[in-house]
Amino acid sequence: MRLVDSHVHLDDGKFDADREAVIERALAAGVERMMAIGTGSGPPDLETAIRLAERYPFMVATIGVHPHDASKATPETFERLRELAGHPKVAAIGEIGLDYHYDFSPRDVQRAVFLKQLEIAAEASKPIVIHTREAWADTVELVGECWHGGGIMHCFTGDSQQAREALDLGFHLAFGGVLTFPKAEAVREAARITPEDRLLVETDCPYLAPVPHRGKRNEPAFVVEVARRLAEVRGSTLDEIAGQTTGNFERLCLRGGAGNGYTG
Ligand SMILES: [Zn+2]
Ligand SMILES: [Zn+2]
């Protein structure tokens, strides 16, 4: 079995004491690749995931400014993102998007910084990783108008209607720990109707650990639990889900399947 955890925050301080052991457990569990998300603590440090990916051959990186940190972005931030987008280990731009739950940055600033990064992703022909929370309508509208490339709706927790909207926009849906939560029937329905060539799995570790690890620190090895549940939901086998999601990740993020998407 070969699995890809398409969304890890292994730079997080919660892994400082045992990062090597966590990575060893992931490899032992069949996770052959991880995409390290580079948003970290926000600008000016944009290279936190690149540092990890340079150390481990089975890791690729993203770069980007999380919507929480949008107000920390300056013209220098975008200039640096442009330069880093060409780094051989950078597979995607993200996680970028809109978060109206916390509103850590003003919404108009979040939208402007999101748009700017769509532009950078298009210039670099990289796919995007979207974080959206309580901002679905604005996210769909903005992406619908300005982006026609590939990308990932990370930690997809919408229903089947929202899944269709994201799929119509050309996105892959990455399912994580929430898929395993007892009350998440709507998310499982979304996972059921997603075409097999648009499916991805992720942990978003250290957050959102799947059942039976719920409430604990999440880690990439636990992506197996997500894939197992996804297989159950889709009447498929774990091996089939692993093959599909790994193939999808490779096409989208490693072989330039994203095209050049910005039309804003
Ligand atoms: Zn996120
Ligand atoms: Zn994340």
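Per-structure values
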quantity: Residue that is surrounded by the most Cβ atoms within 10 Å (Cβ to Cβ), among those in segment 14-32 that are in contact with a helix residue (DSSP H, G or I) (Cβ under 7 Å, 6 or more places away or on another chain) and under 25 Å from residue 127 (Cβ atoms); calculated: 31
quantity: Residue check, residue 163 closer than 30 Å to residue 13 by Cα, buried (at least 18 other Cβ atoms within 10 Å of the Cβ) and more than 16 Å from ligand 1 (Cβ to nearest atom); calculated: no
quantity: Residues of segment 153-185 satisfying the condition of being closer than 20 Å to residue 141 by Cα and among the β-branched types (Val, Ile, Thr); calculated: 157
quantity: Selection count where residues are over 14 Å from the mean Cα position of the chain (by Cα) and among the hydroxyl-bearing types (Ser, Thr, Tyr), scope segment 143-175; calculated: 1
quantity: Qualifying positions in segment 78-113 - within 16 Å of ligand 1 (Cβ to nearest atom) and within 15 Å of the chain's Cα centre (by Cα); calculated: 92, 93, 94, 95, 96, 97, 98, 99
quantity: Pairs where the first residue, in segment 145-159, is under 28 Å from residue 177 (Cα atoms) and at pLDDT 95 or above and the second is part of a strand (DSSP E or B) and away from ligand 2 (no atom under 16 Å from the Cβ), C-beta under 9 Å, 6+ apart; calculated: 147/262
quantity: Residue list for segment 138-150, filter: more than 16 Å from ligand 2 (Cβ to nearest atom) and surrounded by 15 or more Cβ atoms within 10 Å (Cβ to Cβ); calculated: 138, 140, 142, 143, 146, 147, 148, 149, 150
quantity: Unique match (being in contact (Cβ under 8 Å) with a residue 24 or more places away in the chain, surrounded by 14 or more Cβ atoms within 10 Å (Cβ to Cβ) and within 16 Å of ligand 1 (Cβ to nearest atom)) among 135, 121; calculated: 135
quantity: Single match in 203, 180, 237, 246 (criterion: of a type in the set (Ser, Thr, Tyr) and without any contact (Cβ under 8 Å) to a residue 24 or more places away in the chain); calculated: 237
quantity: Members of segment 1-32 found to be within 16 Å of ligand 1 (Cβ to nearest atom) and more than 26 Å from residue 238 (Cβ to Cβ), listed by number; calculated: 11, 12, 14
quantity: Which listed residue is within 14 Å of ligand 1 (Cβ to nearest atom) and either in contact with a Pro (Cβ under 7 Å, 6 or more places away or on another chain) or at positive phi (or both), from 149, 177; calculated: 177
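Residue by residue, here is whether (1) surrounded by 15 or more Cβ atoms within 10 Å (Cβ to Cβ); (2) among the aromatic types (Phe, Trp, Tyr); (3) free of Cβ contacts under 8 Å to residues at least 24 places away in the same chain; (4) more than 15 Å from ligand 1 (Cβ to nearest atom) holds:
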site: 42; (1), (2), (3), (4): yes, no, no, no
site: 56; (1), (2), (3), (4): yes, yes, no, yes
site: 61; (1), (2), (3), (4): yes, no, no, yes
site: 66; (1), (2), (3), (4): yes, no, no, no
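The values are calculated or read from the model by the stated rules, or taken from the named source; none is laboratory data. Fair warning: this is a prediction, and the values are worked out from it, not measured in the lab. Methodologically, a virtual Cβ is constructed for each residue, glycine included, from the backbone with ideal geometry; neighbour enumeration extends over all protein chains shown.
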